[in-house]
1. I'd like the full set of residues that are more than 24 Å from residue 240 (Cβ to Cβ) and either assigned to a loop (DSSP other than H, G, I, E, B) or under 31 Å from the mean Cα position of the chain (by Cα) (or both), limited to segment 257-284.
2. Could you list, in sequence order, all residues of segment 18-42 that are without any contact (Cβ under 8 Å) to a residue 24 or more places away in the chain and assigned to a helix (DSSP H, G or I)?
3. Suppose the filter is over 15 Å from the mean Cα position of the chain (by Cα), surrounded by 18 or more Cβ atoms within 10 Å (Cβ to Cβ) and at negative phi; does residue 198 pass it?
4. Looking at (1) modelled with pLDDT under 95; (2) crowded, with 16+ Cβ neighbours inside 10 Å, can you tell me which one residue 55 breaks?
5. Checking residue 109 against (1) more than 21 Å from the chain's Cα centre (by Cα); (2) outside any loop (DSSP other than H, G, I, E, B); (3) modelled with pLDDT under 95; (4) surrounded by 14 or more Cβ atoms within 10 Å (Cβ to Cβ), only one condition comes out false. Which one?
6. Examine segment 154-169 for a residue that is touching a residue at least 24 places away in the same chain (Cβ under 8 Å) and closer than 12 Å to residue 74 by Cα, and state whether such a residue exists.
7. Say whether the condition of being surrounded by fewer than 18 Cβ atoms within 10 Å (Cβ to Cβ), touching a residue at least 40 places away in the same chain (Cβ under 8 Å) and in a loop (DSSP other than H, G, I, E, B) is met by at least one residue in segment 214-225.
8. Could you pull out the residue among 121, 92 that is surrounded by 14 or more Cβ atoms within 10 Å (Cβ to Cβ), touching a helix residue (DSSP H, G or I) at 6+ places or on another chain (Cβ under 9 Å) and over 21 Å from residue 169 (Cβ atoms)?
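The values are calculated or read from the model by the stated rules, or taken from the named source; none is laboratory data. This one's a predicted model, so the numbers in the text were calculated from it and none came from an experiment. Counting neighbours? That spans all protein chains shown, and the Cβs are built from the backbone with ideal geometry, glycine included.
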């Protein structure tokens, strides 16, 4: 790992030649330069597509076997991990413990800067031990500049426990090396505001985490077509979404969809299975369980027996 006192050579710390007159630009010119530079975040993710695909496959396989997914980071990187983890239960009806975010400084660091806490390697090790991480789990270390001791401590402890480790950074491997099962580099280049990795680096990281978590949930059968059929019906917006999914995929009217959703116990996936197969709630639940929640596979198996 690079000397923490000598970070100036890192790609994320370089001065962007395209924005050296940033303080002299008009508001419109500011927007235009940010917009141009932000396209590099999308390109950086595209360049890492093979590694991201491998991360999806390995993570999905671990979760199928009873493992969990952990994001570990500090500052912006930590907040992005916590955000992605927090969005999984409402979107895919996963238990909160399945995907978890670990941020240096704990929950308080989400709303108040605690960047000094990222320098504690041992705190990262402790966070892994506290969550009793095992060989079934996946730990994703996120650090834009690649050097965060808290993240490296967590990765080291996770490897010792046999967990699958994935590293996400925005600097080349030759600048910061790491031992990990998968090494994902999102090379977004120097920031518009030099060193402010909440900008392009943060955007690329958010895109990568979106792809990883959603891809894993697709692999786990929590999506049918492009519909979130495991959506948690916990408020009016999500109930409306659930009803629209049922209406679109069954051609039932809204009232009939409402009754079907109620009979399924507010589980869109089960409601669809019941409608398409004629099974009752108990029978449908059993069939889904047999196919690990994969709706398409469950429907196909019922048709083959009919």
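1. Selection gives 278, 279, 280.
2. Those that are without any contact (Cβ under 8 Å) to a residue 24 or more places away in the chain and assigned to a helix (DSSP H, G or I): 23, 24, 27, 28, 29, 30, 31, 32, 35, 36, 39.
3. No: the conditions fail for residue 198.
4. Of the numbered conditions (1) modelled with pLDDT under 95; (2) crowded, with 16+ Cβ neighbours inside 10 Å, the odd one out for residue 55 is (1).
5. Failed condition: (1).
6. Scanning segment 154-169, I find at least one residue that is touching a residue at least 24 places away in the same chain (Cβ under 8 Å) and closer than 12 Å to residue 74 by Cα, so the answer is yes.
7. No, the conditions are met nowhere in segment 214-225.
8. It is 92.
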